[in-house]
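*Asks:* Sharing a structure here in structure tokens format.
Here, each number is a calculation from the coordinates, and none is a lab measurement. None of these values were measured; they are calculated from a predicted model. As a convention, Cβ positions derive from the backbone with ideal geometry for all residues, glycine included, and neighbour counts pool all protein chains shown.
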Amino acid sequence: MAETSRHPFLQGLSKHRGAPPTAVVIFGASGDLTARKLIPAVYNLAADNLLPPDFHLSGYGRKEISNDAFRDLAAEAIKEFSRRELSDDVWDRIAAKTTYVAGGYDDPAAFDRLAAHLAQIDKEVGRDVQPLFYMSTPPSVFAPILRNLGASGLAEKHLGTSLHAKVIIEKPFGRDLESALKLNGTIREVLQEHQVYRIDHYLGKETVQDLLVQRFSNAIFEPLWNRNYIDNVQITVSEEVGVGTRGGYYEQSGALRDMIQNHTMQLVALTAMEPPVSLDAEAIRDEKMKLLRAIQPLDLGPNGDVARAQYAAGMIAGKPEPGYLEEAGIAAESSTETYAGIRLSINNWRWQGVPFYLRSGKRMARRVTEIAVQFKRPPGTLFAGGAFDLAANTLSFQIQPDEGLSLVLNGKVPGLETRTQPVKMNFSYSTTFGSNTPEAYERLVLDAMIGDGTLFIRGDEAETSWKLYTPLLEAWAEAGREGMGSYAAGSWGPANADELLVAREHVWRKP
Ligand code: BG6
């Protein structure tokens, strides 16, 4: 046997991908996420032959529509949003087992009808079929759905077997610590933790999973991955898009809730956690939790750890764009931040004294998600002076777009004199593997069907992250617009966020 195939981490990666007979029920069947992500994900899993032969899909929603009308909506969604063209061969296989159940979320009788519908599927298949409920609704109806899953007996369906009911919960998971605790409380009244799959779609991204592989399957990183060699870490999640038609939602959310508390913190946890003892869900989530607990409370005072701002009018790709306050659905005096910058201190043996800088904003210069690990500079004794253009070695994980990994080194410029220049070594996903990679939701739906919770958030992770950010959310809410910075659309962010880095003579990257 080859040496690598015995390595426990690599063994863990080749988990068996076969899903058991499953009936997926999507609550919020006529919603945007269902059309854009969920139906295309199911379709692409079918195209890749990753769905079990006894796979059933049921939409559930308040609208009274027929099975056929729901199938038509699903086919349209595939045509518009799937990474693959709709092919009749594949679609006919799913369409035959696609149905629709109309009902309210707080209507116990409708959930009894849903239970009867699923019992009928078990009967037709001739064996137990695993129910997988996807809560793709506004969070205001999470609680009634959960209660009705409990009351109708669906939450306990096939409990005690591997085909037990599973529930995927879409974000947002609460809007502060109190609401997250309350939601977890409601969940625990009807479900056991191993039945719950809290979505953070960033964990489904190929490159986020690659972060674990890079860190723990390459022996060269681990010895350097600590305060002795690393100077700072910068995590950027920037977008070119503004709030578009989602003004109503965004006004209640803002960059901290929408991007930092969830997606960005998951990137922090995976970058900084200790090596897990295995790739099992609990082993990884335990390490993420330990890391989240080591993060120090934020300094909210002047010259503290936080900065926020809104975009003003500016140019993106040669096109003028309005400022946030001019967008549709935004209050004239809105105090919702479209940019948040944070400096985190992690107080553990590995990271003490290494700042982790996080930023996320809408309408920035470029859409990019990257994790840049900047190493300490070498002593300046040998290559000092004007001829030597030296950069700090930086390893950056390009999560999206242009997925890949790059390392900045210093090299000699060819010539008779000794001059240096930073050079970049690049690994590009698309060049090496081609570009038709699965979307995050494909991986996540498949993992939930298989019962693998590794790429989902455990209840305590969500609570710990909210615990860190709730004092800040409260402070910002109280301050109104006071201290709100501004940045031109199409720029790399506000000046007040630069100040987070100045104390340590760091500067934000322009990726
Ligand atoms: C969502 C946010 O969770 O993530 C959106 O609500 C944001 O505001 C989106 O645009 C970004 O996701 P991605 O996968 O395009 O980086």
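*Asks:* Return the FRET efficiency for the residue pair I65, E193: r is the Cβ-Cβ distance, R0 is 35 Å, and the value is rounded to the nearest 0.05.
*Replies:* After rounding, the FRET efficiency stands at 0.50.
*Asks:* When DSSP beta bridges are limited to those with both residues in the chain, what percentage is antiparallel, rounded to the nearest 5?
*Replies:* Expressed as a percentage, antiparallel bridges in the chain total about 55.
*Asks:* Something else now. Test of understanding: what is the full-extension gain from A503 to R366, defined as 0.36 nm times their sequence separation minus their Cα-Cα distance?
*Replies:* Taking A503 through R366 to full extension adds about 46.7 nm, to one decimal.
*Asks:* Ignoring the sites themselves, what is the longest stretch of the chain with no GluC sites (Glu not before Pro) in a DSSP loop and at most 15 other beta-carbon atoms within 10 Å?
*Replies:* Segment 86-332 is the longest.
*Asks:* FRET efficiency for S278 and K97, Cβ-Cβ distance as r, R0 = 56 Å, nearest 0.05?
*Replies:* Efficiency at R0 = 56 Å is approximately 0.95.
*Asks:* What distance in nm lies between label points placed 7 Å from Cα along the C-beta direction at S162 and D128?
*Replies:* If labels sit at S162 and D128, their model points lie 1.2 nm apart.
*Asks:* Measuring from a point 7 Å past the Cα of K376 along Cα-to-C-beta, which residues in region 225-239 have an amide N at less than 16 Å?
*Replies:* It comes to 225-233, nothing else.
*Asks:* Excluding residues fewer than 8 places away in the same chain, name every one of the lysines whose C-alpha is closer than 17 Å to that of K166.
*Replies:* By straight Cα distance, K166 reaches K157.
*Asks:* Mind checking the angle between helix 281-294 and the chain's longest principal axis? C-alpha axes, 0 to 90 degrees, to the nearest 10.
*Replies:* 50
*Asks:* Classify the chain from the C-alpha gyration tensor, please: rounded if a/c falls under 1.5, else prolate or oblate depending on whether a/b exceeds b/c.
*Replies:* Note, shape of the chain comes out prolate.
*Asks:* May I ask you to derive the FRET efficiency for F433 and R293 from their Cβ-Cβ distance with R0 = 45 Å, giving the value to the nearest 0.05?
*Replies:* Computed FRET efficiency for F433 and R293: 0.80.
*Asks:* Right, here's the next one. Show me, for region 372-389, the HN-Hα J-couplings you get by feeding each phi into the Karplus relation (A = 6.51, B = -1.76, C = 1.60, θ = phi - 60°), rounded to Hz, glycine and proline as x.
*Replies:* Running phi through 6.51 cos²θ - 1.76 cosθ + 1.60 with θ = phi - 60° gives 10, 9, 9, 8, 5, 7, x, x, x, 7, 8, 9, 10, x, x, 6, 10, 9 Hz.
*Asks:* Obtain the nm distance between the two label points defined at E80 and A109 by a simple spin-label model: each point lies 7 Å from its Cα along the Cα-to-C-beta direction.
*Replies:* 3.3
*Asks:* When only DSSP loop residues count, what trypsin sites (Lys or Arg not before Pro) in region 428-483 have their Cβ near at most 13 other Cβ atoms within 10 Å?
*Replies:* R481
*Asks:* Taking amide H positions as placed 1.01 Å from N in the peptide plane, with prolines and chain starts having none, which residues 5 or more places from H56, or on another chain, fall under 5 Å of its amide H?
*Replies:* T22, A23, V24
*Asks:* Between L224 and K510, 0.36 nm times their residue separation minus their Cα-Cα distance comes to what?
*Replies:* Stretched out fully, the L224 to K510 stretch lengthens by 100.5 nm.
*Asks:* Which far-off residues, 5 or more places away or on another chain, put their amide H under 5 Å from the one on V101, with H placed in the peptide plane?
*Replies:* Amide H neighbours of V101: G59, Y60, G61.
*Asks:* Return one quarter of the surface area of the convex hull spanned by the alpha-carbon atoms of region 60-162, equal to its mean projected area, in nm².
*Replies:* 7.9
*Asks:* List the lysines whose Cα lies under 26 Å from the Cα of K510, skipping any in the same chain that are fewer than 8 positions away.
*Replies:* Cross-link targets: K205, K319, K362, K376, K412, K424.
*Asks:* Under a straight-distance cross-link criterion of Cα-Cα below 12 Å, which aspartates and glutamates are reachable from K288, leaving out those fewer than 8 residues away in the same chain?
*Replies:* Of all the aspartates and glutamates, those that pass the test against K288 - Cα under 12 Å, at least 8 places apart if same chain - are E274, D460, E461.
*Asks:* Can I ask one more? Test of understanding: what is the full-extension gain from V413 to S140, defined as 0.36 nm times their sequence separation minus their Cα-Cα distance?
*Replies:* 92.2 nm
*Asks:* Can you list residues from other chains, or at least 5 along the same chain, whose modelled amide H is less than 5 Å from the amide H of G242?
*Replies:* Those lying under 5 Å, H to H, from G242 are R363.
*Asks:* A follow-up question, please. Tell me whether region 178-252 comes out rounded, prolate or oblate; compute the Cα gyration tensor, take square roots of the eigenvalues as a ≥ b ≥ c, and use a/c under 1.5 as the rounded threshold.
*Replies:* In terms of gyration-tensor shape, oblate.
*Asks:* Evaluate the distance, in nm, between pseudo-label points positioned 7 Å from the Cα of K319 and of N303 along their respective Cα→Cβ axes.
*Replies:* 4.3
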